[in-house]
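The values are calculated or read from the model by the stated rules, or taken from the named source; none is laboratory data. Being a predicted model, the structure only gives us computed values, none of them experimental. Every residue, glycine as well, gets a Cβ built from its backbone with ideal geometry; the counts of neighbours run over all protein chains shown.
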Amino acid sequence: MECVEKTFRAKDFREQTVFEKQFSHSEMKEGTSVDQHLKLMKDITYKLAAIRAPLCEDDQVVTLLGSLPRSFAALVTAIGARADGNRLDNVQQVLMHEEIKQSELSAQLSGADSALTGTFRRNTLRDRPCFGCGNVAHIRRYCPSDSPRYPSICFGCSDVGHILRHCPRKREWHNATKAENEESR
């Protein structure tokens, strides 16, 4: 009788090792449904419980969250930050809800660029047309065919056509002040 018990214990230990390895190394691939992944994880959990090696709920939650793809990263962080504890059934419901939200969002985008899907691309200068002439090679600020929208008014002499930095009177005043300072020394 002892020989039979040892045989079953050895078999149970091998099965336990295999199931625990499957459970801890399972990863949800991008595009796989959350429902399929949860069924796989539950199946392995039930097999472990059947051979008298049940997993505690906390281990199940941690392993489940660690097996999710990058598209769930923000949700995993939010779940991990909750202070009220994470029950397995609550986490599963949140995951199912998130999958529904992501599928609705992808249906709304329907191939458009998105920051969430990683295909978002900011417009570059080459993509934006000039609002002055419509050419794509430059923007209005650098448009060669466009006259300035606002005339340049100098804040030093109030003349039109230049700014204070390029004011010829400022240069004259600066040179005269410099000459006076040198004479007074």
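Data overview
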{"item": "Residues that are of a type in the set (A, V, I, L, M, F, W, C) and either touching a residue at least 24 places away in the same chain (Cβ under 8 Å) or crowded, with 18+ Cβ neighbours inside 10 Å (or both), drawn from region 47-68", "result": "48, 51, 53, 55, 61, 64, 65, 68"}
{"item": "Residues being at pLDDT below 80 and either surrounded by 11 or more Cβ atoms within 10 Å (Cβ to Cβ) or at positive phi (or both) - total across region 16-29", "result": "8"}
{"item": "Residue in region 121-132 that is surrounded by 11 or more Cβ atoms within 10 Å (Cβ to Cβ), part of a helix (DSSP H, G or I) and at pLDDT 60 or above present", "result": "no"}
